[in-house]
Amino acid sequence: MTQEAEPGRIYVDTQHEDLVHDAQLDYYGCRLATCSSDRTIKIYNVSETSYELSATLQGHEGPVWQVSWSHPKFGVLLASCSFDGSVFIHREIRPRDWSLVHVARRIHDSSVNSVAFAPHEYGLKVAAASSDGRVSIISCQNDDDWSLEYIEDNALGVNSVSWAPSGAYHDESNSEGTEISRLVTGGCDNRMRFWKLQDSGQWCEDSQSQVSKDLCHSDWVRDVAWAPCLVPNINMVASCSEDRTVLIWTQNGRNEEWKALLLHTFDSPVWRVSWSVTGHMLAVSSGDNDVSVWKAGVDGTWSQMSTVEDTPETQHDG
Amino acid sequence: MTKITEIEGKSAVAAWSPIQSCSDVIAIGTKDSGGIGFEDNGSALDLYDLDLSNGDEPRLLGSVKTEARFSSVCWSPETLGGKYPMGLLTGGMENGVIHVWNPKAIMKNQQSLIRTIKGHATGPVKALQFNPLNLSQLATGGSDGKVLIVNLDKEDEVFMPCESTQQNAQITAVAWNTQVSHIVASAAADGTVSVWDLKSKKSWCNLRCESAGKAVADLAWNPSEGLHLLTASADDNNPVIKLWDLRSSTSMPLTTLTGHSQGILSMAWCPHDEHLLLSCGKDNRTILWDLFTLTPIGEVPIDEVDHQTDTNSNSQEMFAAGGLASNHQRRYDVQWSPIKRGVTLTCSLDRKVQAHSILGLSSSSARPPKWMRPSSSVSFGFGGSLVSCGSTDRYIRMSTVVEEESFAKLSAEFESVLQTTNVAEYCYERATKTKVTSEAELWAFMQIIFDPNSRQQLLGMLGFDPEMIASKANAYAEDNLTNGIEKLAVDDKPAGPMTKTTEQMVKQAIMVGNFDAAVECCFRMGHAADALLLASYGGGDLWTKTQQRYFEAQVEKRNFLPLVSAVFGDGLADLVQKSDPEDWKETLAIILTYAKTEEYHVLCDALGDLLEQYGDDRHASLCFMCSMNLGKVGKYWRQQLDEVNKAKGSLDLAALHEYAVKVTIFLVAVGPTSKLCLEDAELFSKYSSKLAEQGLLVSAAKYSTPDSYEGKVLRDRLYRSKASPSCLAAMGGVAPEFPFDMTNVKMSRAEPAKTTRNTRQMRTQASTASNYSQYSQVSAMSNSYAGQSQQRSATPTPSVTQPASAGTLPDGWIELQDPSSGMMYYANQTTGETTWERPQPVAAQALPPAPQPEPQKTTPATPSRPNKLASKYGDGFVTSASHPELASQYGNVGTSNPYGGARAGIASVSTVEKPPVSGTFDPNNIPELSAELQPIKDCLIGVIDALKADPSMGGSDKRLLSESERGVAVLLKRLALGDIQPEICAKVLQMIGFITTYDFGSAQSVLTDLVSSEWRGHKDWLKGVKALLQLARKIWNR
């Protein structure tokens, strides 16, 4: 369906039969993947003024919570995670024709809440965070086999996982340039945890850098997002929580302490945070549908840029 | 269901802390001292920190001894004006006494007992609860069958709900209504439940839940709905949980939950998701129920009890709870954490207090708990695109966020100028508008270099207008004529008149033709003019020599002479080298006037270099502009940019833009063939990426440069972006290379499966943009093949090979080799598709397959287990089919029951009295209405159709319309079901009458009336009709 809309803004009628939980644009920004409680994923081709349904992907046996696009060097790949405990990796083999390249069915005992492709420099890998308290790392091996590892996070469950961008840490002594993969997770224990891949190939909690306790979340961490790297060894992570706050964590140098800054306390629980591609802006979604965009000033203070207006129908409500 | 932590050796009752900051703290009131002494009847109240997050052992925070054992314990967050920061903790004791403690004091080991209430007869006070809507109000129920209300904020206020509050048996539980603060219910061992109204001081209703003599073990109000009550039966023969809807009946429960095999001991309705219920019974099971499906969806695992500890627990409750019949863990108390979602606390006869999490609950047939469902999401994409979705509708909002609005505006303005205006005009405008001299100069120069007569123009610009100078010179000369030339002549010629001797000497020399001597003579005597005149006859050599000598001799008196010297002597280069940088304008003017075309640029460059050495970069850059030296002029502009950036401490986008503008304009002058130097290319790349960040993709493409890796990546990204065709054009029509090494991911060996439900009923898509994006996605897969694929697929190139062994390809497909990886791939010459996988003859040619019927839909119904079967569908919203009442109560129609007509298959599975009221609008399946209601249907559907066809509908209007459709669908269905009271129907008909006469104002007032009076029961359709009316007014009233 093509739909004309006011310039600069398109409303995509997803035609999902239940709530839509996630929407992600691919690397080029011309395809949109959405997922829903109706257990399907929909792919749309997006142009500047219109959109068109390209495919509907099925197979999950529960609500699909999140989707993640791969880097284009791997072709057109989409990872999805579901309440059914599974992670699927779909591939468009020819336009509009999708296959599953990997099915990690019920790799978790419980809902898989978050899924994310690793930066392509780390190879073809997917991290998935589950309510069973574990994070799984699914990696594509050279022989097209897929391996599966688990990270034990916290017993209450993990809500979100985000990869450190490639180049986030620069080690002078490491001339090889091989980089250690890192992850951050946010969970029902109200905490964030930093993980790194050791030389041994095992994941371990990054104990070298402390996480400041001056400011922390008092309820579930719903989402974490590692910012794109602007300056090597200066890293930022945004976290949002059921406690209605968004915190911006900054680490000024390798192995330094992560320090938090309160971005804002919102009116309702905050569900997602997302950095712009260049890392200058942070989008925050809270409540049922409130989206705001924040920008850091030169002095490090954050200011709200705009609120993405709500739909007219909810404005007229009541 | 995972066990998080436990405290062993406590036979106890427990309560969670309701304080947000201490959400892991519990209070445990023991039912024994833990000792074996005969005398010791006392117990203790312990506070523990369970430390759920870190998984550490529970930590005892404080403890206080009591003289009697605990029967119940309850914790309120009421601080009584800050006096008790940790709230109030109460315990119902076995001796009929109720104590109130200050938990903060217990932790500090200070005097903690605040109050003791003695209102009940001796016997355990098992029922205890704080009013959630009046936190200092406590309800208690004793073994004497009495219910007491205690207002802890008032010293001695203890009263009974009404005069005859007595129930005839021990009170087993009390529960405050969650919506109305003056309603409290009590359950008794005689199988009755009373609901008390404290305001009117009377019993609101009485329920006979169990047959006489069978106790109601527990009761609970719906956490979010005022009139739903659950009661649990202790009856071993009929251990059910009953759901009462007090609106519809106080004699018959709405439904029952069966699953326990022996009497129920305790139950708790989940405060965070009213669809979840936890119950435990004498059958040693602790069941988690889904109240939607009315089925157990999980069970809290039990520990095997070892007999050693079993014999130690001598609690009398053990017998009440059914004795020691089994060696399984028996829980007698369950509750949810009021703060932590999905965390439960249980107390069991084997002296354990355990916390479990149901977050890890796995069940593909169950709905996810409410807290697991994200309510909204947002995500950034390339080019500042932002997509978001929420739980209010099924739409995705896509917009572009411009981070640097002023920068974007600058760029947009500049690009439109380039499109519409003459570049020279733009320069002129800039030159005249700016107030900064240096900028005015720069733009004036910039403008002039576009002029075919630029050298002349530049002279004027420098203040040397030839015409003006000529007229000035004339004027000056005339002036002097009138004012007496003599004086001037004297001044100008200091040498006296020629002496006789000299004259003679010269004359003689001329006579013999020795001009050398004559000239020499004249010079010696200071008659330079004569010397020059004579030299002009004396041959080239002498002439040159004399000129030189003249200049040397006179240079001090006449400062224009070096200039004349240079011009005559072809010594401009020398002149430039020796020129005074301060007088660069003159030097430049000379170059402009005298330089030959071939040396012009060299000389300007030389002057520029000189000025640069002198430190006058600004004027140097002007010279470089004259020489069209992009490299050198760019350097100065880069310096300017650097300075601004340094002063600002970060990249100044306006300065970057200014830089890009200058270079761009200059490039137009120089000609498009000139190449940017590396530094300029880098800055252009940066400029381009900044433009892309603002969503200005096409402009970004224009300025992108492929010199660096980042530049290549950006160009690729722009080329395949949603603005692909325009970007391609802006990049000169040459598609950039794919900058990454392609990795081909093959199908996993396990479980290959097709997931596409092919939606080939592609809607007509006239825009080339989408065709293009399709094309570009193809090329994304075929690596560097991109950009050439159109030609290639049209005319197979020599690289086409046809391995005989591989068999034939389907029509239209050819095999190609990817030039970069050497891998073979396949392209369809007609469609432009490419793929790494070899197309199979059938697959590739397959017509759009008919939509596969979903297997679930064809599953034959199994009448014996309707719920189980039905729960496979959707998210288990089967109640909508099997329990329509529940669906309409518990499910909010919009989301819980999304399948509507499409899921008709479910309805056939179970017996349906009242179909679900779904908001799905299916024009082919509009319910039939009775004749008098028919106008409602005709009118509303007519309005919807008319609105649908109206061309002035915008995007937001369409959303409003779909809301309207939902509402109308619900209304029509409910009308068909007879679910709408006649008086409301009448109102609706009245409104319809107004709508048919286009009297939207009156229709609105009828609707407003309805909304204000009937919203509660009819919001599901009123909302939509409201939207419809609003839309109709908007569309037709304008």
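Quick notes on this one:
- For B:Lys201, a cut-off of 20 angstrom between C-alpha atoms picks up these lysines, skipping any fewer than 8 places away in its own chain: B:Lys146, B:Lys154.
- Spin-label model, B:Asn168 to B:Ala553: label points 7 Å out along the Cα-to-beta-carbon direction sit 15.0 nm apart.
- The order of A:Tyr11, B:Tyr614 by accessible area, most exposed first and with a 1.4 Å probe, is B:Tyr614, A:Tyr11.
- For chain A, the share of accessible area belonging to carbon and sulfur comes to 45 percent (1.4 Å probe, ligands and nucleic acids excluded).
- Legend: residue pairs B:Lys973/B:Lys1026; A:Lys295/B:Lys370; B:Lys202/B:Lys282, Cα-Cα distance threshold 28 Å; pairs beyond threshold, A:Lys295/B:Lys370; B:Lys202/B:Lys282.
- Probe 1.4 Å - accessible area at B:Thr997, Å² to nearest ten: 90 Å²
- Helix-only arithmetic for chain A: the sum of -39500 (n - 2.57) across DSSP H runs with n ≥ 4, divided by the residue total, places the mean residue ellipticity at 222 nm at 0 deg cm²/dmol.
- For segment B:931-1036, the solvent-accessible area with a 1.4 angstrom probe is 41 square angstrom per residue.
- Modelled FRET efficiency - R0 35 Å, B:Glu157 with B:Ser1013, Cβ distances, 0.05 increments: 0.40
- Heavy-atom accessible surface of B:Leu533, to the nearest 10 Å², is about 100 Å², with a 1.4 Å probe and all protein chains retained.
- Formal net charge of residues neighbouring B:Lys83 (Cβ-Cβ distance under 13 Å; K, R +1; D, E -1): 0
- Using a Förster distance of 22 Å, the FRET efficiency for B:Cys677-B:Ser650 (Cβ separation, nearest 0.05): 0.35
- Unsatisfied cross-links (Cα-Cα over 31 Å) in the set A:Lys213/B:Lys648; A:Lys259/B:Lys702; B:Lys435/B:Lys648; B:Lys3/B:Lys104; A:Lys259/B:Lys712: A:Lys213/B:Lys648; A:Lys259/B:Lys702; A:Lys259/B:Lys712
- Residues of segment A:90-108 buried by at least 50 Å² on assembly (accessible area, 1.4 Å probe, chain alone as reference): A:Arg91, A:Ile93, A:Arg94, A:Pro95, A:Arg96, A:Leu100, A:Val101
- Rolling a 1.4 angstrom probe over segment B:931-1036 with all protein chains present gives an accessible area of which 54% lies on carbon and sulfur atoms.
- Both chains summed, the buried accessible area for B and A stands near 11100 Å², from protein heavy atoms and a 1.4 Å probe.
- Check: segment B:931-1036 dipole with +1 on Lys, Arg Cβ and -1 on Asp, Glu Cβ, in debye: 360 debye
- For chain A, the relative contact order comes to 8 percent (Cα pairs under 8 Å, sequence separation of at least 6).
- FRET efficiency, B:Val602 to B:Val436 (Cβ-Cβ, R0 22 Å, nearest 0.05): 0.15
- Charged-residue dipole, Cβ positions (Lys, Arg, Asp, Glu), segment B:98-181 about Cα centre, Debye nearest 20: 340 debye
- Over segment B:931-1036, relative contact order from alpha-carbon pairs under 8 Å, at least 6 apart, %: 40 percent
- Cross-link partners for B:Lys507 among the lysines, with Cα-Cα distance under 30 Å and sequence neighbours closer than 8 places in the same chain left out: B:Lys487, B:Lys493, B:Lys545, B:Lys557.
- For B:Thr66, the accessible area of its heavy atoms, probed at 1.4 Å with every protein chain present, is near 10 square angstrom.
- Residues A:Met305, B:Met525, B:Met511, B:Met446 ordered from highest to lowest accessible area at a 1.4 Å probe: B:Met511, B:Met525, A:Met305, B:Met446.
The values are calculated or read from the model by the stated rules, or taken from the named source; none is laboratory data. These figures come from a predicted structure and were not determined experimentally. As a convention, Cβ positions derive from the backbone with ideal geometry for all residues, glycine included, and neighbour counts pool all protein chains shown. Remember, those area values only see protein heavy atoms, side chains included, never the ligands or the DNA or RNA. Shrake-Rupley method; radii C 1.70, N 1.55, O 1.52, S 1.80 Å.
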